[in-house]
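Visitor: Quick one: the structure is below, questions incoming.
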Amino acid sequence: MAHSTLSPVAETTPAGPAVVSTARRKTRYGSDQASGPRVALRMAAGLIIALIFISPYVIMAIGSLKSRPEILGVPPKYLPATPRFDNYATMWSTPETPLPQNLISTIIIASCATILVLLVATPAAYYTARFKFPGKMVFMFLVIVTQMLQPAVLTAGLFREMLALNIIDTWLAMILVNAAFNLSFAVWIMHSFFAGVPKEVDEAAQIDGAGRFSVLFKINLPLVWPGIVTAIIFTFVSCWNEFAASLVILQTAGNQPLSVALTKFVGQYDSAWQYVFGVSIVAVVPVVILFMLIEKRLIGGLTAGSVK
Amino acid sequence: MSTTVAKGDTQDTPAARPVAPRRPKTGRGRDSIWKALPWIAPCLVLVVGIVLFPAGYMIYNAFRSISSYGTDTGSAGLTNFTLVFADPALPRVLANTVVWVAAVVIITVVLSLALAQFLNKPFPGRTLVRMAVIVPWAASVVMTTTVFVYGLDPFYGIINKFMVDLHLIDAPFGFTKSMPSAFIVAILTAVFVSMPFTSYTILAGLQGVPGEVLEAAKMDGASPARTYFSVILPQLRDSLAVAVLINIINVFNNLAILKIITGSLPGYDADTLITRMFKWIQVDQRVDVASAMSVVNFAIVLVIVAAYIKIVKPMKEVD
């Protein structure tokens, strides 16, 4: 069933069915006996649930606007007397860690890993969706097993490998690690999108003389872009937040991403929490917005077709 | 899927004139692994180089003796494994791992079943609620956990103050400063960050329950509870299997939450197999022993992966 939410065919269907579905939803309000009080109750419950799930980030946002005495004040106050927006300017220079460099590391590692995933996963996803070849099952099996593995359990091996390759403590090492561990999800999700494009489309293009690569780029990519966007966003967010392998592989403070750098504030006597939260907001808001763009596809999206 | 490239090739034979120069490149006739290789090789190189190779190298290192400077000083036989199993903290670490995984996954799944059920009901503003629910999924687990550590501080913690103001507790308490409360806080934090993915997976399952079945249950006079347990829940079997198994893997592998919440507590009272392994690397500076422990952890993960492949049958999708 996840296929139905993921299928590019469903995405590209013209407005017709969408209108039908809103009409159906309207009647469902009625047939569900969702009377006024019940709807109001649901809205109230929805509000409470929404508040619970965003509460840590509200605390983060408010905390980022407090002054140092306010955030360490005993007893604490919920709101700052005057919001200190200048925290967002001053927070970048702290003795604990070079935060501007940490932000740059995060951006470079996540962006390069995402580009690498896209370059490597797209042809594999396209080919496996279109053709049979000996060893295809083995390949797809490998993809599924990799999808279930995470850097944490292999960190000891990754650390030794990067040491042997002499790329320990470099961005390159973490770009490779992030790309490798997110690759299979991208292959898997794009595979299901490519499989949804009718073969006849390819064949017609080939009769017109198009080569394999131009069939992929000119004919298929425009049809499967929702799948590619989903893969890009998911990979980017996952690389952006990676922690376990970066913790061991990146030892120089300036090379570390924000996820590792910010842990240095925890456990101190008088942590500069207002700065931790300011930087966290800068790191969290963009990926939350990206995730919201693919919200509809997250329903069953992670498992991409494995939910029947 | 039944159509192969061979058919495609024969089809364009009549109109082959402009294609002719390309034919050797795209190949002719039966598909071979050699034709597939240019498409899948980059992917294979990355997976073999950065996933399979380190796994193998780690197993090799588990039997080597490695100095704290990283020099391989020869074979260690089973010494590293002996050190892992002779660790006096191991029984506690094992028990913690079981409690950690079981508690987080069970609480997450039960709460997510309810949340997904609710998010599946129509009401104005539902999309906004769904958007709010995915925020912890997108946000860094490190940063989310940091907020809980700050908020639960006994002196300046804002969550402590909030609970006092609501009369849930009499006075602020240092939840993260001692065991077992720190471990419980870690469990609840893990539940919080696991719920979005779990709810969305269950939501996918709920949307697959045919409306006619629910109508029929209603016509037969089944109570809402009866309908849920006899009609809806059995239909959720597949999405629940995905949610449970992926959560088991994620929670087992989680380092960030425990490191941030209980990492500063002395000893190994709050450690799981994963956090203890990281302490072997970072605190004890024994990559060789850490490798041996990782081999054990890896074996556990592989068992879960095998269960996933057997129960969820993801390979059925491939044809």
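Each reported figure results from applying straightforward, stated rules to the coordinates on display, with no laboratory input. This is a predicted model, so every value here is computed, not measured. Cβ sites come from the backbone with ideal geometry, for glycine too, and all protein chains shown count toward neighbours.
Visitor: Once you charge only the Cβ atoms, +1 for Lys and Arg and -1 for Asp and Glu, what is the size of the charge dipole of the protein assembly as shown about its Cα centre, to the nearest 20 debye?
Guide: The calculation lands at about 1380 debye.
Visitor: For chain A, which span is the longest to avoid every loop-located (per DSSP) member of chymotrypsin sites (Phe, Trp or Tyr not before Pro) having at most 13 other Cβ atoms inside 10 Å?
Guide: That gives A:86-268 as the longest site-free run.
Visitor: List the residues, sorted by chain then number, that are 5 or more residues from B:ILE66 or on another chain and whose placed amide H is less than 5 Å from its amide H.
Guide: Close amide H contacts, sequence-distant or interchain: B:THR73, B:ASP288.
Visitor: Let me ask something additional. Report, as an integer, the average count of C-beta atoms from other chains found within 10 Å of each Cβ along A:120-127.
Guide: The mean count of partner-chain Cβ atoms within 10 Å per residue comes to 5.
Visitor: What's the center-to-center distance, using Cα atoms, between segment B:68-141 and segment B:262-319 in Å?
Guide: Answer, in whole Å: 10.
Visitor: While we're on this one: Tell me which of B:PHE155, B:VAL133, B:ILE169 sits at the most positive position along the dipole axis of segment B:90-317, charges placed on C-beta atoms (Lys, Arg +1; Asp, Glu -1).
Guide: The residue sitting farthest along the positive end of the dipole is B:VAL133.
Visitor: Could you list, in their original order, any pairs among A:LYS66/B:LYS279; B:LYS121/B:LYS259; B:LYS259/B:LYS310; A:LYS199/B:LYS313; A:LYS66/A:LYS264; A:LYS66/A:LYS296 whose Cα atoms are separated by more than 27 Å?
Guide: Over 27 Å Cα-Cα: A:LYS66/B:LYS279; B:LYS121/B:LYS259; B:LYS259/B:LYS310; A:LYS66/A:LYS296.
Visitor: Which chymotrypsin sites (Phe, Trp or Tyr not before Pro) from segment B:46-79 combine a DSSP loop assignment with at most 11 other Cβ atoms within 10 Å?
Guide: B:TYR69
Visitor: Same structure again: How many percent of Cα pairs in segment B:93-204 exceed 17 Å?
Guide: Counting every Cα pair in segment B:93-204, those more than 17 Å apart make up 63 percent.
Visitor: So what is the relative contact order for segment B:90-317, in percent, with contacts set as C-alpha pairs under 8 Å and at least six apart?
Guide: Over segment B:90-317, the number comes to 28 percent.
Visitor: Also: I want to verify a result. In a Gaussian network model of chain B, Cα cutoff 10 Å, which of these has the top mean-square fluctuation: B:VAL147, B:VAL193, B:VAL99?
Guide: It is B:VAL147.
Visitor: Hand me the trypsin sites (Lys or Arg not before Pro) from segment A:50-89 located in a DSSP loop with no more than 16 other Cβ atoms within 10 Å, in residue order please.
Guide: Sparse-neighbourhood loop trypsin sites (Lys or Arg not before Pro): A:LYS77.
Visitor: While we're on this one: Report the charge-dipole magnitude of segment B:90-317 in Debye, nearest 20, computed about the Cα centre from +1 at each Lys and Arg Cβ and -1 at each Asp and Glu Cβ.
Guide: The dipole magnitude comes to about 240 debye.
Visitor: Given only helices, namely DSSP H runs of n ≥ 4 each adding -39500 (n - 2.57), what is the per-residue ellipticity at 222 nm of chain A, to the nearest 500 deg cm²/dmol?
Guide: One gets -22000 deg cm²/dmol as the mean residue ellipticity at 222 nm.
Visitor: Another question, if that's okay. Summing -39500 (n - 2.57) over the DSSP H runs of n ≥ 4 in chain B and dividing by its residue number, what mean residue ellipticity at 222 nm do you reach, to the nearest 500 deg cm²/dmol?
Guide: -20000 deg cm²/dmol
Visitor: Additional query: Determine how many Å³ per residue the convex hull of the Cα atoms of chain A encloses.
Guide: Dividing the Cα hull volume of chain A by its residue count gives 194 Å³.
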